[in-house]
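A.B. asks: Take a look at this one; I'll ask things after.
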Amino acid sequence: MLRLEGIHAGYGPTTILHDVSLEVKRGEVVTIVGANGAGKTTTLRTIAGLIQPTEGRIFFEDRDITSTPAHEVVDLGITLIPEGRQLFADMTVEENLLMGAYRKEARSRQAETLEHVLSLFPRVRERLSQSAGSLSGGEQQMVAIARGMMARPSILMFDEPSLGLAPIIVQQVFEVIKAVTSTGTTVLIVEQNVFNTLKASDRGYVLENGEIVISDTSEALLTNDHVRQAYLGI
Amino acid sequence: METFLQVLVSGLMLGALFAIVSVGLTLIFGIVKVVNFAHGEFLMLGMYLVYLFTTKLGIHPLLTSVIVAPLLFVAGVATQRFIIQPLMSARDDHIQIFATVGLSTALINLALLLFGADIANTPASGLRTPITIGPVRVLLGQLVILAVSIMLVIGLQAFLKRTQTGRAIRAVAQNRAAAQLMGINVNRIYMLTFGIGAACVGLAASMVAPLYPTSPNIGTYFVLTAFVVVVLGGLGSLTGAFAGAMIIGLIDSFAGFYIGSDVREVVVFGMFLLILILKPSGLFSNRLSLSHVSP
């Protein structure tokens, strides 16, 4: 469904990703594991069209999207839930969710999607008329995920959804992610909470210094010595 | 007492005039984050168009807004697309501001070339008819400006708050990257906003031209006050700009009558400096206020 071939990308003169190739198949949940600065966020931002790769190709459903601008990538069905939530802080929660359904395909079914999403997030429903900036960090993350789902994407990308949240909230976020994946949505996830994420996913890639060093099933990665020492602290 | 009332009402009328000229400026600043120094020249251009349509085609000045506002919309879109957008990636934001200063000078000289330095008088077509309400006297055209400026602010607020496009405009102003991730074409939103801001001043032109003589420098005269209004109202706030315009109109009117007409501008711009020093975010709200357009 989504395929990266030999991607080199970065910010200005700094190259962060070196020859990254990966693939996500329809219905899969794929994790990218890596330390801070390894290039996980850069990978997602490159797929989303926010960063233009200097080398390599990106294919989505066999269509070359390497130089497709970010807003058109969304229209094709790829949605990124960015690191740090990035809500429209001065807009209400409801307005944030409606912005999520801006994509042409989602707009006509906006009311139906909203009802479905709110059934997954009862807390968000209670906060609909509040300004998004007034919510707690955990609630904001729920809104960010709900907003991403409003686009009815074919593939949903999560960038560090549990970053900066209290442990009890992290548990809730993972339950929500599980609920999302159980609906059959294809997911690509980047998360510092490696154990929980691998538990919830089918396959994983280990990214170190901008290069993919290991690619395997999540089960195998959980028992891989290198992964256990470097990322699970076992 | 009667004099006081007359000065008060004249101040409010002047305030409405400043408001209608400032609304587009504050909209463009709030969303595109560009201070458009050519805003006054858009007004000047609009006034010349009104002059041409009234004198050559005999259209009523107020009716010319139906043509002038869309033409200015196109001018605004083109300015964003061909002048501001190519400079968006420039490392220094000030380059965009310098570009609008350059555009302003170019438009003034274009007007000098096309129309000469002489004053062009748009026919008043009844808009200079005095109307007496109790002890005070106003011009019909001034009442029109007041009514239209109020409707414009309310209409723009409703557009930004209640329509999908309006919400997208606010989303871009608040978080450009997140807006892109929603599938919003940011460049298109900027063009649209610049167009709407310019169309607002085109609308203003059809009401200002019958009351004020048109000359190549007329834009500078109005836009300096508009900058004071926009800063006073909190850059980017529509209701703030409206309130700021009323305050400046009243100060101008009272200072002109009770202190002396020579010192009006001293008082107005003295106020401007005081605000910049004491409360640079404006009297009413902060920079983001376009985002919270409360009903």
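A.B. asks: When the stretch B:189-221 is examined, which residues are found to be under 13 Å from the mean Cα position of the chain (by Cα), surrounded by 24 or more Cβ atoms within 10 Å (Cβ to Cβ) and among the aromatic types (Phe, Trp, Tyr)?
C.D. replies: Across the stretch B:189-221, the qualifying residue is only B:Phe194.
A.B. asks: Could you please find all residues in the stretch A:88-107 being surrounded by 22 or more Cβ atoms within 10 Å (Cβ to Cβ) and more than 7 Å from every other protein chain (Cβ to nearest Cβ)?
C.D. replies: Across the stretch A:88-107, the qualifying residues are A:Val93, A:Asn96, A:Leu97, A:Ala101, A:Ala106.
A.B. asks: Against the definition (open to solvent by less than 20 Å² (accessible area, probe 1.4 Å), within 14 Å of another protein chain (Cβ to nearest Cβ) and out of contact with any strand residue (DSSP E or B) (no Cβ under 7 Å at 6 or more places or on another chain)), how does A:Arg152 come out, yes or no?
C.D. replies: Working: open to solvent by less than 20 Å² (accessible area, probe 1.4 Å): no; within 14 Å of another protein chain (Cβ to nearest Cβ): yes; out of contact with any strand residue (DSSP E or B) (no Cβ under 7 Å at 6 or more places or on another chain): yes.
Against the criterion (open to solvent by less than 20 Å² (accessible area, probe 1.4 Å), within 14 Å of another protein chain (Cβ to nearest Cβ) and out of contact with any strand residue (DSSP E or B) (no Cβ under 7 Å at 6 or more places or on another chain)), A:Arg152 does not qualify.
A.B. asks: Further, regarding this structure: Listed residues B:Val74, B:Val101; which is at pLDDT 95 or above, within 18 Å of the chain's Cα centre (by Cα) and either farther than 25 Å from B:Ile131 by Cβ or open to solvent by 10 Å² or more (accessible area, probe 1.4 Å) (or both)?
C.D. replies: Criteria check complete, one pass: B:Val74.
A.B. asks: Here is a follow-up. Might you let me know whether the stretch B:180-188 holds any residue that is in a helix (DSSP H, G or I), of a type in the set (A, V, I, L, M) and within 14 Å of chain A (Cβ to nearest Cβ)?
C.D. replies: Yes: one or more hits.
A.B. asks: Residue check: is B:Val136 closer than 30 Å to A:Pro82 by Cα and either away from every other protein chain (no Cβ under 14 Å) or crowded, with 23+ Cβ neighbours inside 10 Å (or both)?
C.D. replies: Judged against the criteria, B:Val136 is not a match.
A.B. asks: Does any residue of the stretch A:72-85 turn out to be hydrophobic (A, V, I, L, M, F, W, C), open to solvent by 30 Å² or more (accessible area, probe 1.4 Å) and more than 11 Å from every other protein chain (Cβ to nearest Cβ)?
C.D. replies: No, the conditions are met nowhere in the stretch A:72-85.
A.B. asks: Report whether or not B:Ala205 is in contact with a helix residue (DSSP H, G or I) (Cβ under 6 Å, 6 or more places away or on another chain) and either farther than 30 Å from B:Ala120 by Cβ or modelled with pLDDT of 95 or more (or both).
C.D. replies: On the way: in contact with a helix residue (DSSP H, G or I) (Cβ under 6 Å, 6 or more places away or on another chain): yes; either farther than 30 Å from B:Ala120 by Cβ or modelled with pLDDT of 95 or more (or both): yes.
Yes; evaluated as a whole, the condition is true for this residue.
A.B. asks: Next question, about the same structure. Please work out if A:Ser67 is of a type outside the set (D, E, K, R), within 13 Å of chain B (Cβ to nearest Cβ) and more than 18 Å from B:Asn175 (Cα to Cα).
C.D. replies: Details: of a type outside the set (D, E, K, R): yes; within 13 Å of chain B (Cβ to nearest Cβ): no; more than 18 Å from B:Asn175 (Cα to Cα): yes.
So A:Ser67 does not fit the description; no.
A.B. asks: Here is a follow-up. Yes or no: the stretch A:175-187 includes at least one residue that is surrounded by 15 or more Cβ atoms within 10 Å (Cβ to Cβ) and modelled with pLDDT of 90 or more.
C.D. replies: Within the stretch A:175-187, one or more residues are surrounded by 15 or more Cβ atoms within 10 Å (Cβ to Cβ) and modelled with pLDDT of 90 or more.
A.B. asks: Among all residue pairs at least 6 apart or on different chains, which show Cβ distances below 6 Å where the first residue, located in the stretch B:178-196, is closer than 17 Å to A:Tyr102 by Cα and the second is charged (D, E, K, R) and not in a helix (DSSP H, G or I)?
C.D. replies: B:Gly183/A:Arg103
The values are calculated or read from the model by the stated rules, or taken from the named source; none is laboratory data. Being a predicted model, the structure only gives us computed values, none of them experimental. Heads up, the Cβs are rebuilt from the backbone with ideal geometry, glycines too, and the neighbour counts pull from every protein chain shown. Only protein heavy atoms, including side chains, enter the accessible area calculation; ligands, DNA and RNA are left aside. Shrake-Rupley method; radii C 1.70, N 1.55, O 1.52, S 1.80 Å.
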